[in-house]
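Some notes on the structure that comes next.
The values are calculated or read from the model by the stated rules, or taken from the named source; none is laboratory data. Since we're looking at a predicted model, the values are computed, not measured. Cβ placement follows ideal geometry from the backbone for every residue including glycine, while neighbour counts extend to all protein chains displayed. Just so you know, the surface numbers come from the protein's heavy atoms only, side chains and all, with ligands and any DNA or RNA stripped out. Shrake-Rupley method; radii C 1.70, N 1.55, O 1.52, S 1.80 Å.
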Amino acid sequence: MRYAIEVRGLKKSYGEVHALNGVDLAAAPGTVLGVLGPNGAGKTTAVRVMSTLTRPDSGTARVLGLDVTAQAAQVRERIGLTGQYAGLDPNLSGEQNLVLVARLLGASRRQARARADELIERFDLAHAATRAVAKYSGGMRRRLDLAASIVRRPEVLYLDEPTTGLDPKSRTGLWETVRELVAEGTTVLLTTQYLEEADQLADSIAVIDTGQVIASGTPAQLKQAVGGQVLRLTPVRREAAEQLVQLAEWSAGAKARAEDDAVIVPVARAGEAQAVMARVGQAGIDLASFGVREPTLDEVFLSLTGHRAETTATANEPEKEPAA
């Protein structure tokens, strides 16, 4: 199979810090690859390598069949990138920013103006087209930044945590734009800490932690790996949670855990859930609520790594990497 993005054995270190430690990734053309992990996991370093901004220490990365190191100029002509922070001139208007990007990419004045007008309309920014970007809201800046990244109509688009800090409405709007781009044939690599975002957009997911891919597959496959379904038990008395964990593990043979005011038990089949409920009844533990459902990606990540995707204190990836 010919991949739009193919990474094998990628390694990158900064002194004693191993930002990437043998990463493998692959994305088929016209799909979304979600790269999931906490701050410092290595997501941004991987994007920087794949977008030719950082040279790897070892391993290979190919985009549309092109080597990102040996054929960097050709790769840049065919990709777009939206980083964690909007790469815009705050003193220029939204329209001027897009015209500037188009001109830098070689478009004539007429072509640049036409493309800017098209993108301003597409990203619902017509009402603010002539306003300085410094006066834009966070959601408007992110939409404009995404518009700037597709001025050249890239075949591959990297979105590095594009919705961080956005309100729910702006985030949903950005998701819809991503879906439209993929429907037009663009391949998207999306890094995110938001489990819901990966679940909504990604055709396949790679979970990165401490510079390594620890799991990969479709959202459904990753959820199945946790145990198929999840039994959630909420005791009337919070102090009964520890006893519930012990009973659940003994009954279902699965690793249960206390979470907030509830106990979460991975179960592979209905019989296991029934066994747990029977033991709870025999122990006389009163439940405020209980139910069986599909696991969330948040629970998948917690099961795989032992911590949540939103964890911010890791030392694997520098906060600010050296310039390329």
Reduced to Cα centres, the span from region 228-281 to region 16-54 in Å works out to 36 Å
Which whole-number percent of Cα pairs in the chain have a distance greater than 27 Å?
51 percent
Given the pairs Lys11/Lys223; Lys43/Lys223; Lys12/Lys43, which are separated by over 23 angstrom at their Cα positions?
Lys11/Lys223
Plugging the Kirkwood radius over Cα pairs into Stokes-Einstein for region 45-191, at a temperature of 25 °C and a viscosity of 0.890 mPa s, what D comes out in µm²/s?
156 µm²/s
Please report the orientation-averaged projected area of region 139-212, defined via the convex hull of its C-alpha atoms, in nm².
5.2 nm²
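Please report, in debye to the nearest 20, how large the charge dipole of region 65-148 is about its Cα centre when each Lys and Arg carries +1 at its beta carbon and each Asp and Glu carries -1 there.
Taking the Cα centre of region 65-148 as origin, the dipole is about 180 debye.
Quick one: ranking Arg48, Arg237, Arg232 by accessible area, 1.4 Å probe, largest first, what do you get?
Values: Arg48 50, Arg237 125, Arg232 70 Å².
Reading off the accessible areas and sorting them downward yields Arg237, Arg232, Arg48.
Heavy atoms only, probe 1.4 Å: what % of the accessible area of region 133-212 goes to carbon and sulfur, would you let me know? Let's see the in-between values first.
On the way: 1400 of 2970 Å².
Reported share for carbon and sulfur atoms: 47 percent.
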For the chain, give the magnitude of the charge dipole about the Cα centre (Cβ charges: +1 Lys/Arg, -1 Asp/Glu; no others), in debye to the nearest 20.
980 debye
Kirkwood Rh and Cα-based Rg: tell me the resulting Rg over Rh for region 1-43, rounded to two decimals.
1.04
Mind listing the phi-derived Karplus ³J(HN,Hα) values for region 31-44, rounded to whole Hz, using 6.51, -1.76 and 1.60 with θ = phi - 60°, and x for any glycine or proline?
10, 10, 9, x, 10, 10, x, x, 4, x, 6, x, 4, 5
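Which loop GluC sites (Glu not before Pro) in region 151-242, with loop taken from DSSP, have no more than 15 other Cβ atoms within 10 angstrom of their Cβ?
Numbers: sites: Glu155, Glu176, Glu180, Glu184, Glu196, Glu197, Glu239, Glu242; in loops: Glu155, Glu184.
Filter output for region 151-242: Glu184.
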Between helix 270-283 and the chain: long-axis angle, C-alpha atoms, 0 to 90°, nearest 10:
50 degrees
Run the simple label-point estimate for Asp124 and Arg269 please: 7 Å along Cα→C-beta, distance reported in nm.
4.8 nm
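Whenever you get a sec, line up Met140, Met277 from highest to lowest accessible area (probe 1.4 Å, protein heavy atoms). Intermediate results must be reported in sequence, preceding the final value.
Details: Met140 25, Met277 55 Å².
Order by accessible area, largest first: Met277, Met140.
Roughly how many Å² is the accessible area per residue of the chain, as a whole number, for a 1.4 Å probe?
Values: 15540 Å² over 324 residues.
Value for the chain: 48 Å² per residue.
Just the C-alpha atoms of region 28-92: what Rg/Rh do they give, with Rh taken as the Kirkwood radius? Walk me through the numbers before you get to the answer.
Values: Rg = 13.4 Å, Rh = 13.5 Å.
With Rg and the Kirkwood Rh in hand, the quotient comes to 0.99.
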Compactness of region 161-302 as Cα Rg over 2.2 N^0.38 Å, two decimals
1.27
